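Right, one structure below, let's go through it.
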Amino acid sequence: MGLALITGWTAFPRALYVRREQPLQFQHKTHSEKSGLTQCDSCHVVGSDGEFNGIARIETCAGCHAEKVGTSKAEATLVDSYIKPSRETPWLVYSRQPANVWFSHAIHTRRAGLACTDCHGAYGTSDQPKVYEQNRISGYSRDVEGHSMSGLGRAPHDGMKMSDCEDCHRRRKVEVGCLGCHK
Amino acid sequence: MSARYGFVIDLDRCTGCGACMVACAAENNVPPANPRATPRTGLTPILVRKVSNGMEGAAHREAFIPIACMHCGNETPCVRVCPQQAVEVDKETGIVVQMPQRCLGCRYCMTACPYHARYFNWWDPAWPAGMERSLNPGVAVRMRGVVEKCNMCSARLHSAKEKAAAAGRKEIDPADYIPACAEACPTGAILFGNLADKNDPVASASHSSDAFRLLARIGTEPKVYYKSTEDWVKALAERDSPQPTEAQHG
Amino acid sequence: MGNLLVMDRRLIARGAERTSTMRFVLWLVPWVALLALGIYAAGLCLYYGLNQTHMDNRFAFGMWIFLDLGMIAMGAGAFFTGFLVYILKQEDLKPILNSAVVVGLICYSGAMAVLMVDVGQPLRAWFTFWHPNTHSMLTEVTFCISCYLLVLILEYVPVLLQNRQLRKVPSFLVFEHQLHKLVPVLAAVGAFLSFFHQGSLGGLYGVLRGRPFAFRQGFAIWPSTFFLFILSAIAVGPSFLMLVTAAVETFAGRRLVGANVFRKLGFISGVLLGAYVAAKAIDTLVWLNITSRAVGFTPGDFYAYKPFGSALMFLEIVPLGLIPAFLLTLPVTARKRGWLLCGAALACSGVLLNRFVLTVQTLALPTLAFDEFLQYTPSWQEVVTFAGVIAYGVILYSLSYRYLPLFGQTKGADKNVSVG
Amino acid sequence: MKVSRRDLLIGGAGAIAGLVLSPVPWKLLGDSSIWTQNFPWIPQPARGPVETKYSACTLCEAGCGIRLRMAAKCPVGITGVRSHPVSQGALCALAFAAHQLNWHPRRLREVRHAGHAASWAEAQAAFRKACAEGPIAIIDGRPGRAASSAFEAFTRNHHGSYQVVLSAESQALSPYARWSGVSVASLGYDMENARTIVSFGAPLLDGWGTPGRFTRLWSVRAAGAADPQLRLIQIEPSLSRTAARAWRWIPVREASEAALAAGLARVLLEEHMVNAKGPMPQLSLAEAAAATGLSTEAIHDLAHTMLENRPVVVIAAGDNPAIAALNVLLGTVGAPGGIVRKRGDVPVQIAAGSLPSSLRAVLVDSTVPWEFSIPTDAEVFRFAAWDGGGNKAGWLLPAPGFLEELTDVPTPPTFSRETYAVALNLVAPSTEVQSAAQFLLKINPTLPVVKKVIQARCEEIFRGRKGTVYGEHAVAVTKIDSAQHLEEQLRQGAVWVGDAPSSGKLQCDLKEWPAENRLARTINWATAWVPPVFPALGTKLYQESNLRELPAGRQG
């Protein structure tokens, strides 16, 4: 029994998630501190009709990185393999929701006045991308599923599953039906 | 304020062209038919049915009746029977929402629906190579083994909401939300609007003397109204009125 | 081969007469083949999806649901006998109790298995427990049936533990002893659950206000079919037990239970059947003249389409309802085993017909004024899948009968064990 | 140490208990169900910026205005444009899925010669050789486009002949063209001013002309009214969609329309119901009645009903002079609410019915309907975006698909005013394609280039200072400051519409009642549509429902 418990709690989680590296060692820190892109929406823009562009497309990067800035290896990869051929960077999106989820950044930031960090944590100040852990079966990012296996002792912005959305909505007494978040 | 969206469909104006069916399918990422699909195993969230008065010769008349989910407002049959809340009546809009990702495909809701407005995905959805690029990003593709139906083009409601939020408005602009079928109808036979709003043309149309609903006596309060000036067409509303027969092939 | 023989012999209770291993194996072979075929067909439906069946958007339920309902009605004998024996203290029915449990287990587990193939997304079926819709009859059914299936398994375990080999494990003996104490409780729980889901199965169709052919008025949240199903189920449960027992007796070539047991079962069955038929008649009148007329549906809308004429309704109520009721209760016929079994058979087919009409005819009939009457014939995958379940039933029962004291006739064997 | 049966059993029980207390079973249960919600083999929409573009549908000559919703630079939705003066927001059923056509399984992806794969270079060489060896013909399915002028120029330079295939709508107008000497392309119906329309089998409510124009008109003025402002009388053997919704449906025998026309003419003339004195048809009223299966009274009544509400115009389904002659009697040719002349002279086109013999090669443009079989034994170079099947002879050349080429959209034949629109190449071709014009340009670089011709046409319109440009707003040409600006607007999906026709200047004199009756080619939703294939979603109409049938010779 003990054996089963130990495997179940330790080995299993390791086996369940595949750990993947981002295509580029992107540094939020440098961009916010050195390049003066202090606001999240300097790159992650909500458009006029409320549509959210998510991670900046390659044109945006090219705005500054048309030529190599600095000598880092990541910089070289960025310019040579993405900007020059104007290929989109295949980012692994930590908070990517499944296809049937409709989430409007406009509604949550403009109307509800949430801060980016409320859901995404302080990731904007990280100096290198964390490892992307993907569930082998469901294909979800572990940041969506939440890191704690037992679901206990979670950080406030750990996990972006339906239950997490529901908790927040309950706390803020905002009632929505299925249509509110699903398409 | 909460809305009660609904349709008033003028059968005098329906020429049975089928634009609503195609527009609906394109908007909602409904896949083209599997080679083995038939009218009884297909996916047509809105289906235009051809009816005739059963007469011969010059007295023979035909009409077309577009049938989609009636978004029943009372004792909604499908909502009542779904074992795991994959269907619900949206409080805010009155839309009867089907959530295929929650559905386990027991099809109890299909037996419950008197309008046959619910469809089962008998096959995995498939498009010819490359055609998946033409899919509408606002709508999730369903998978095999689940039930789907008209959700009143909720994707369009979503973008309307988002637009409103971006503009700092709380209510959506009615002009931003019109389902694909109503928008597509070349003769303007399909009228869409908020039945709860007295000033909405749909509300008034639904009260016209020519307006009727299908099987209204069952008491499910459908939010889809029909209109016709022809008596034999009006007679199609209820079962115990003289019955025309379903005509084959258009 | 040799040690198979030995094993077989060692598993059979001492003193119990069983046919030779050879004949037993030969008997099993065709059934095992059928079961394999059934599993293959079910596999097709699970792998390629339900397009393998002939169900469609209008015939969303098919042969499977009809037979599930039928099977579960037949399985009612299990809980009802338990109820009679442990709650109503009808000790003389005890001999068939084990057999009843096995029959019940087979019917319920079989139905469950078919349902798992019938739904489009079996891997999501557990959502019903996670996000239950308390208004849905199907939720009620799912909960009760799965719980009752557990109960049946728990009831089956002590029977299983009476096997000669398993009795050798002391801890099992203790376990069985404890379980035996528990059995009356289980029977009570089982009875409660079963009454409920038998009813909900009826409710399943009775609540369909969109299907005036099935829709019924009711009491509180339950349509009349809820109660009719309970009544019909407990009425035919015993009858079905009689048929099964009789069948086994024919194969075993000797009487397994006293004639008194048969007569009692028959009597109970008959009385309840009579009550059911009476209730059904009243319900039919109310429904035809009030319920369905109120929504603009006339009997013509229901019985104008062949083969679903009013003859079917008559057949269900008189030849397959009233007549068996008399056959089972009247002393004249009840004394004769032949008549008794005949009555039982009629009763069972009557209830099967009822389930058929409610599931299939409901969907075949038009609802909208411009609907057409629909036909549906099951695909071979549907038929074979179900045949597989029957095979599974036969196999499980045969094994149980061979190695377990189904009819409490292994008393002698017990003695031997305690001696040697 | 010996493991007893008991130890095993206990151990097993323990392991099970342990697993149940660990996340394993629960996580697996959850993840497997999530997996079923996102099966990896279910296609997902592409992510990318969403934008809106306006253009004109190029799938038939109607040129309806379309609004495209683009995601990741690919159209994901099509809707009509309410402000479009011709289509008025309406589209045919198929147009709503037209953006899927470019991936149709029958998309022509390679050059084919005699059924085998070939290269563009080979095709070029073969056509160049043919031009050098003898006379060639070019067949155009949609005259009046920029490409058409390239075709004409090429045939002029290479002593070839330029011929056109007319749509059924244009064919219905050709009798008037023959009698008046005015080109078909200059004629149209002034339906907006008509109060009675007598249709001899023309599917007016089923994709005829431009889907929007008449359906909207009918919907506003006729639908559902017992005594409508606009009376639609449908004469047709079977209860078509139009007949089903018409004010009156007159069932007649197959192909007896001309006889009925003659019968009506007799009543009109004998009872002096019209000013015209003749010509009188040879057919007697009784004979007409016999032919049509109607009673003489019925024909008589019909004649009277026709005139109750004037102006009345008669519309045929195809080239049927007897029916056209009715309009002449009724005096509706050149009159408001009748047949009108929408513009000055444009060159009269030769219909490709009979090609000159001894041709070396025939080039067929992709606008020619697949059904049109080329009456020649010369080498055929057929351009097509989709393979309609059955074409094993000659060259099959992959043309640009839906919105894959820059083209202009001239006025639709039935419309009463001149129009001009431009359709941009909004979609990058998914395969190596060439339009016929591009192909010819490679052979003769002096040919007019489509882009240039469009520019010239815009300047012409600008200098003409007539009409209005309907884009986001309606702007009179006089208010536009430059030809470039006008062109820019058209390139963004606006449409130019000329001023109301100056009626008159259209004279048809009939010496005798037209005897010959060419069998009218009836058209409907499917044949008005040029590609030989339907969008995949067409199955909703003809496979997943009984609403329509897939017409013979069409590919799903």
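Conditions: (1) surrounded by fewer than 22 Cβ atoms within 10 Å (Cβ to Cβ); (2) more than 28 Å from C:SER349 (Cα to Cα). C:PHE66 meets all but one. Number of the miss?
(2)
Can you spot a residue in region B:156-174 that is more than 8 Å from every other protein chain (Cβ to nearest Cβ), under 30 Å from D:LYS73 (Cβ atoms) and in contact (Cβ under 8 Å) with a residue 24 or more places away in the chain?
Yes, region B:156-174 has at least one match.
Consider D:TRP529 against the criteria (1) modelled with pLDDT of 85 or more; (2) within 14 Å of another protein chain (Cβ to nearest Cβ); (3) in contact with a helix residue (DSSP H, G or I) (Cβ under 7 Å, 6 or more places away or on another chain): it satisfies all of them except one. Which criterion is unmet?
So the condition that D:TRP529 fails would be (1).
Determine which single condition B:ASN136 fails, assuming it passes every other condition in (1) on the phi < 0 side of the Ramachandran plot; (2) within 7 Å of chain C (Cβ to nearest Cβ).
Unmet for B:ASN136, out of (1) on the phi < 0 side of the Ramachandran plot; (2) within 7 Å of chain C (Cβ to nearest Cβ): (2).
Is at least one residue of region D:495-507 surrounded by fewer than 18 Cβ atoms within 10 Å (Cβ to Cβ) and over 30 Å from D:LEU329 (Cα atoms)?
no
Of all residues in region C:313-336, which are surrounded by fewer than 16 Cβ atoms within 10 Å (Cβ to Cβ) and either of a type in the set (D, E, K, R) or within 23 Å of C:LEU368 (Cβ to Cβ) (or both)?
Listed by number, the residues that qualify are C:ARG335, C:LYS336.
Can you find, within region D:539-555, the residue that is surrounded by the fewest Cβ atoms within 10 Å (Cβ to Cβ) among those that are in contact with a helix residue (DSSP H, G or I) (Cβ under 6 Å, 6 or more places away or on another chain) and either part of a loop (DSSP other than H, G, I, E, B) or more than 7 Å from chain B (Cβ to nearest Cβ) (or both)?
Checking each candidate, the answer is D:GLU549.
For residues that are of a type in the set (Asp, Glu) and either surrounded by fewer than 24 Cβ atoms within 10 Å (Cβ to Cβ) or without any contact (Cβ under 8 Å) to a residue 40 or more places away in the chain (or both), scanning just region B:16-74, find the one that is nearest to the other protein chains (Cβ to nearest Cβ).
Among residues in region B:16-74 that are of a type in the set (Asp, Glu) and either surrounded by fewer than 24 Cβ atoms within 10 Å (Cβ to Cβ) or without any contact (Cβ under 8 Å) to a residue 40 or more places away in the chain (or both), the one nearest to the other protein chains (Cβ to nearest Cβ) is B:GLU62.
Considering only residues of region B:194-207 that are in contact with a Phe, Trp or Tyr (Cβ under 9 Å, 6 or more places away or on another chain), closer than 11 Å to B:VAL8 by Cα and small (Gly, Ala, Ser), which is surrounded by the most Cβ atoms within 10 Å (Cβ to Cβ)?
B:SER206
Does C:TRP64 meet the test of being assigned to a helix (DSSP H, G or I) and within 30 Å of C:LEU201 (Cβ to Cβ)?
Here the answer is yes, as C:TRP64 does meet what is asked.
Taking C:ARG216, is it of a type in the set (D, E, K, R), within 29 Å of C:THR134 (Cα to Cα) and in contact (Cβ under 8 Å) with a residue 40 or more places away in the chain?
Details: of a type in the set (D, E, K, R): yes; within 29 Å of C:THR134 (Cα to Cα): yes; in contact (Cβ under 8 Å) with a residue 40 or more places away in the chain: yes.
Criteria met by C:ARG216.
Tally the residues that are within 11 Å of another protein chain (Cβ to nearest Cβ) and not in a helix (DSSP H, G or I), restricting the search to region B:184-207.
Within region B:184-207, residues that are within 11 Å of another protein chain (Cβ to nearest Cβ) and not in a helix (DSSP H, G or I) number 5.
Report whether or not A:ALA106 is modelled with pLDDT of 90 or more, within 21 Å of A:PHE52 (Cα to Cα) and surrounded by 15 or more Cβ atoms within 10 Å (Cβ to Cβ).
So A:ALA106 passes the test.
Could you please find all residues in region D:101-139 being free of Cβ contacts under 8 Å to residues at least 60 places away in the same chain and outside any loop (DSSP other than H, G, I, E, B)?
To start, the set of residues in region D:101-139 that are free of Cβ contacts under 8 Å to residues at least 60 places away in the same chain comprises D:105, D:116-117, D:119, D:121-122, D:125, D:129, D:132.
Scanning region D:101-139 gives D:HIS116, D:ALA117, D:ALA121, D:GLU122, D:ALA125, D:LYS129, D:ALA132.
Please give the number of the condition D:SER358 fails out of (1) at positive phi; (2) surrounded by 17 or more Cβ atoms within 10 Å (Cβ to Cβ).
(2)
Across region D:426-456, what is the number of residues that are assigned to a loop (DSSP other than H, G, I, E, B) and more than 24 Å from the chain's Cα centre (by Cα)?
8
Just checking, does region A:72-79 include any residue being in a loop (DSSP other than H, G, I, E, B), more than 14 Å from chain D (Cβ to nearest Cβ) and either loosely packed, with under 12 Cβ neighbours inside 10 Å or small (Gly, Ala, Ser) (or both)?
Checked against the condition, which is being in a loop (DSSP other than H, G, I, E, B), more than 14 Å from chain D (Cβ to nearest Cβ) and either loosely packed, with under 12 Cβ neighbours inside 10 Å or small (Gly, Ala, Ser) (or both), region A:72-79 yields at least one hit.
Wholly within region C:121-230, which helices (runs of 4 or more DSSP H) include no fewer than the required count, namely at least 1 residues that are more than 11 Å from chain B (Cβ to nearest Cβ) and either surrounded by fewer than 24 Cβ atoms within 10 Å (Cβ to Cβ) or in contact with a helix residue (DSSP H, G or I) (Cβ under 7 Å, 6 or more places away or on another chain) (or both)?
C:137-161, C:170-206
Mind listing whichever residues of region D:457-483 are polar (S, T, N, Q) and in a loop (DSSP other than H, G, I, E, B)?
We begin by selecting, within region D:457-483, every residue polar (S, T, N, Q); these are D:468, D:478, D:482.
Passing the criteria: only D:SER482.
Residue check: is D:ARG142 under 28 Å from the mean Cα position of the chain (by Cα), surrounded by 14 or more Cβ atoms within 10 Å (Cβ to Cβ) and in a strand (DSSP E or B)?
Answer is no for this residue.
Considering only residues that are crowded, with 17+ Cβ neighbours inside 10 Å and of a type in the set (Val, Ile, Thr), look in region D:192-231 and name the one that is farthest from the other protein chains (Cβ to nearest Cβ).
Going through the qualifying residues, I end up with D:THR196.
With respect to C:PHE79, is the statement that it is touching a residue at least 12 places away in the same chain (Cβ under 8 Å), surrounded by fewer than 24 Cβ atoms within 10 Å (Cβ to Cβ) and assigned to a helix (DSSP H, G or I) true?
no
Is it true that D:ALA255 is over 24 Å from D:SER416 (Cα atoms), within 11 Å of another protein chain (Cβ to nearest Cβ) and not charged (D, E, K, R)?
When the stated conditions are applied, D:ALA255 does not pass them.
The values are calculated or read from the model by the stated rules, or taken from the named source; none is laboratory data. Keep in mind the model is a prediction, meaning the values are calculated, not measured. Methodologically, a virtual Cβ is constructed for each residue, glycine included, from the backbone with ideal geometry; neighbour enumeration extends over all protein chains shown.
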